[in-house]
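Reading through the structure tokens given below for one structure.
Read-outs: derived from the displayed coordinates by stated rules, not from any lab. Note that the structure is predicted; figures quoted are calculated from it, not measured. Heads up, the Cβs are rebuilt from the backbone with ideal geometry, glycines too, and the neighbour counts pull from every protein chain shown.
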Amino acid sequence: MAEHPDAAHHPYQLLTPDVVMDALASVGLYGDGRLLALSSYENRVYQVHLEDGPAVVAKFYRPGRWTTAQILEEHAFSHELMAEEIPVIGPLQLQGATLHQFGGFSFSVSPSRGGRGPELDDAEVLEWIGRFLARIHTVGAAQPFASRPALDLPTFGIEAREWLLAHDKVPLDVQSAWQTWSQKAIDLIATSSDFIWAGGQKYIKSSNVGQTADPTAGQARVKLIRLHGDCHPGNILWTPLESPPTAGPGPHFVDLDDARTGPAVQDLWMLLSGDRQQQTRQLGALVDGYEQFRNFDRRELALIEPLRTLRLIHYSAWLARRWDDPTFPIHFPWFGSSDYWHGQVQMLQDQVEAMQDEPLCA
């Protein structure tokens with residue numbers, strides 16, 4: 001895929017180190033000149049060392065992605081979680097606010113916390129994470145989001161697919177195959193899992209989950225709650241037991257930028273990897289920890305593969321929509337090639353097969 005002709009004029013081209021430092025100075029924080037760009041594609045995130053304090057993390061939100069109300073709702077959720085002593089890293093209150101404006105950008109400032117990736121082959125680590133996810137979901141279930149969207153089939157599947165096709169993002173030599181298999185996947189999600197996930201609904205119908213002869217089982221409802229939303233291993237920092245007490249040992253959850261409404265299992269399945277046997281073992285440890293604090297509705301296990309499929313389709317649309325951002329062609333040079341899309345077709349075929357298998361059990 002060729003570089004977008006307006007890439008040089010993307011808003012983030014104006015976010016120079018001087019602008020970052022001036023933005024922090026506008027809220028009373030003065031950097032000592034050391035600035036490190038952290039791994040983030042959707043937003044721009046920097047670790048900044050201060051002249052008279054510990055390092056902070058400054059996050060500059062992608063213009064036009066979220067409304068101010070939606071960002072503030074994310075901040076409020078993180079503060080709810082921190083008030084319950086759940087190790088979530090949320091924005092600091094500076095000059096009476098968590099969200100600030102400078103140079104045409106909305107930004108927030110958070111404490112800087114170190115950590116490594118969690119050892120997801122360790123059952124004790126997974127149980128520990130599961131316990132905290134249950135606590136996050138207990139807070140998440142207490143009230144709904146008012147402004148932030150739901151993880152739903154129309155947005156993550158149907159609309160993303162239609163956008164890719166309408167904007168000719170799939171090469172002609174693979175377009176027919178991708179169109180066929182993406183439609184098969186969406187139809188399977190819609191019919192076999194009854195994903196009625198329209199934004200704002202409190203529940204989704206889940207008629208095929210659970211093994212029961214109860215004639216009313218087809219009307220079972222899976223509750224939607226406020227979620228982290230993007231709980232992959234990169235958004236969990238693990239602090240070893242020997243770390244300083246101020247850091248606290250165990251997992252720290254970062255980046256609630258994708259917080260939205262959805263089923264609880266959305267925050268569990270991205271921590272699974274490997275073959276079916278490995279994923280079953282990992283899922284069992286997560287749920288063992290989870291159920292020490294909150295019941296887990298096992299009917300949601302039937303949603304893992306549909307959620308994985310939706311993420312697959314949505315990810316391609318996300319990359320294509322961000323191609324005018326100069327950092328995307330640099331970091332994703334393989335995107336848009338015929339090889340990429342042939343690989344997507346194969347993964348969709350695999351997902352269609354996986355969605356027809358028995359769900360994982362825990």
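Taking the centroid of alpha carbons for each part, region 108-129 and region 264-325 are 17 Å apart.
Using the empirical formula 2.2 N^0.38 Å as the baseline, the Cα radius of gyration of the chain reaches a ratio of 1.03.
From least to most packed, judged by other beta carbons within 10 angstrom and beginning with the fewest, His9, His100 follow the order His9, His100.
How high is the relative contact order of the chain? Use alpha-carbon pairs under 8 Å, at least six apart in sequence, and give a whole percent. Contact order relative to length: 21 percent. Report the relative contact order of region 11-112, percent, no decimals, based on alpha-carbon pairs under 8 angstrom and at least 6 residues apart. Computed over region 11-112, the figure is 24 percent. May I ask you to list the residues of region 312-333 whose amide nitrogen lies under 14 Å from a point 7 Å from Cα along the Cα→beta-carbon direction of His167? Of the residues in region 312-333, 314-326, 328-329 have backbone N under 14 Å from the label point off His167.
What are the DSSP H helices in the chain that stretch 27 Å or more along their long axis, judged by alpha-carbon atoms, and whose average Kyte-Doolittle hydropathy comes to at least -0.5?
Numbers: long enough: 172-192 (30 Å, -0.04); 338-356 (28 Å, -0.88).
For the chain, where a helix must reach 27 Å along its axis and average at least -0.5, the hits are 172-192.
Around the Cα centre of the chain, unit charges on the Cβ atoms of Lys, Arg, Asp and Glu (plus for the first two, minus for the last two) sum to a dipole of about 680 debye.
Answer rounded, prolate or oblate for region 282-329, using the Cα gyration tensor with square roots of eigenvalues a ≥ b ≥ c: rounded when a/c is under 1.5, else prolate when a/b is larger than b/c, else oblate. Prolate.
Please order Ser108, Ser176 by the number of other Cβ within 10 Å, starting at the fewest.
Ranked by crowding around the Cβ, least crowded first: Ser176, Ser108.
Note the count of lysine pairs whose C-alpha atoms are less than 22 angstrom apart in the chain, limited to pairs 8 or more residues apart or on different chains. Total qualifying Lys-Lys pairs in the chain comes to 4.
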